[in-house]
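Just so you know, all these numbers are worked out from the coordinates, no wet-lab data involved. The shown structure was predicted, so the numbers you read here are calculated from the model rather than taken from an experiment. Cβ: placed from backbone, ideal geometry, glycine included. Neighbour counts: every protein chain shown.
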Amino acid sequence: MTALQEFGKLSGHIYVGGEFKKSGGKLAFDVIDPATEDRVGQLADTTSEEIDKVVAIANKAQKAWRKANTLHRAELMHEVARRMKALKPVLGEMLTREMGKPFKESMDEVEWSITAVDYYAEIGRHENGRIVGPATDHQFHFVAKEPVGTVVIILPFNYPLVLLCWEASAALAAGNAVIIKPSDLTSLTTLKFMEAFAALPAGLVQCVTGGAEPAQRLVNHPDTHMVCFTGGIKTGQAIATACANQFKRCLIESSGNDPLIVMPSAPMDFAVRGSAFAAFMNCGQICASSERLYVHKDVHDEFVEKLVEETKKIRIGNGLDKVELGPMAARRERDRYEALLKKAVAEGAQVAAGGDRPSQFNKGWFVNPTVLVGVTPDMTILQQESFGPVAPICMVDSFDQAIEYANKSIYGLGSTIFTTDLNEAMRAVDELEHGMVWVNSPLLDNDAGPFGGRKMSGMGRQLGSEGLDSFRHTKFVMIDPGCHSQDFWWFPYAEKEAFKGER
């Protein structure tokens, strides 16, 4: 089937108990191709009754899955990865048509999803606790790791497949069941993705569509045991609050406004190319995009000149064409982004490149990548997440000032520095208040290394062994196999340990 046929086939469906089923909910959302503005499908708002059924199925499947040995789990997860590879071409096309990113980036995302599943298939076998030295003679003390139960994953539109796999594969490797609520902008591609998970026992991975109501019911449901959310601060806070009221575990990634520092020792052409990529990839719709550029005064003018040249080389268009920049994912996203740009100019920033829409398109939610200069630390665009293709440049006098400005933010997801000065690099690693620091290597991920932030960027970690442990309870066990009497502290207390003074 072609991508358009798949959209038609999956419209109005949810994935329940290992099967695609028509939802009983109303068709509440149109799926719009952001490059053409054509309606390519529709989404159902999953009903409360359907949510209850999905949760019950998940808990039943999880009870069997947690008892399966880890080798069996790994074999099935590797099969999921193989099926993803087979689905890669159609998933790439569907993702580009549904949210707009260039086809190359869509195909990369599927590949990153595959590596995450394969990684957790094996790391799930690596360790399941540890033995600790006993504090008492004749005893055996150990730490056991157990799954939390049924995990809810609420996803954004920008990386719907790989973020799903970062969390779902760790959850599955730990013995949990998973219920997915994708963004309304990428639900049909996510539903198609479920075909890969059909290699697992029915009901272990399920997917429901819709807006806030299905998500809220999943978060507040007494029989879900953990919630993962990626998105904005306000929604993240609401979910964290709801989970806190239930003492339910949560993993929150709530946006970023990442700084990028350019120092005089950096190779300038290298820093310019890296900065353009870090600011504009996926049309700037990345939580870890470089959204605040702090450039040392000694290289500021050269950097600006070269970045403007680099920005003008970027090809814009339908993600199925030979382009580096597709449209923004939705009209609402473009409207929000353009309002932020307008405010930046009103506050005194100057447009050095872009700042408008490409004239060659009369349809689609396209914008030109933008370079802003004359940006000062107090401007709104340096305080809020722009989540669009803009590089606001603020000149700094020194390394110390760059670090100060970089840390002066409510966000703390990632940060980048371009430098060949080892002292600057090591100081940046030590002093930047972010969950990740990239030195001359912006936006890279590693399945084996933890991803996550500080401050208002959220709490918890994905990927790495830390990501696996996010989805496990820890249980401490102490065994006395010989039932030895513990006279050193049991009743009756020894006469020699009684108080000897005057009462």
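Six or more apart or on different chains, Cβ atoms under 6 Å: show the pairs whose first residue is in region 88-113 and in contact (Cβ under 8 Å) with a residue 12 or more places away in the chain and whose second is part of a helix (DSSP H, G or I) and among the basic types (K, R). Taking only residues 6 or more apart or on different chains, the pairs are M94/K192; V110/K88.
Count of region 51-103 residues, restricted to those that are of a type in the set (F, W, Y) and assigned to a loop (DSSP other than H, G, I, E, B), is 0.
So that you can scan it fast, the table gives a plain yes or no per residue for (1) touching an Asp or Glu at 6+ places or on another chain (Cβ under 6 Å); (2) more than 20 Å from V227 (Cα to Cα):
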| position | (1), (2) |
| --- | --- |
| R82 | no, yes |
| V151 | no, no |
| L161 | yes, no |
| A170 | no, no |
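Give the number of residues within region 21-42 that are in contact with a helix residue (DSSP H, G or I) (Cβ under 7 Å, 6 or more places away or on another chain) and assigned to a strand (DSSP E or B). Result for region 21-42: 3. Residues of region 1-20 that are in contact with a strand residue (DSSP E or B) (Cβ under 9 Å, 6 or more places away or on another chain) and part of a strand (DSSP E or B): H13, I14, Y15, V16, F20. Candidates are the residues of region 181-200 that are in contact (Cβ under 8 Å) with a residue 60 or more places away in the chain and of a type in the set (V, I, T); the one that is surrounded by the most Cβ atoms within 10 Å (Cβ to Cβ) is T189.
Please go through region 1-25 and give me each residue that is among the β-branched types (V, I, T) and out of contact with any Lys or Arg (no Cβ under 9 Å at 6 or more places or on another chain), ordered by number. Correct list: T2 only. So, E93, is that one more than 18 Å from the chain's Cα centre (by Cα) and either surrounded by 24 or more Cβ atoms within 10 Å (Cβ to Cβ) or over 14 Å from C165 (Cα atoms) (or both) or not? Considered against the rule, which asks whether it is more than 18 Å from the chain's Cα centre (by Cα) and either surrounded by 24 or more Cβ atoms within 10 Å (Cβ to Cβ) or over 14 Å from C165 (Cα atoms) (or both), E93 comes out as yes.
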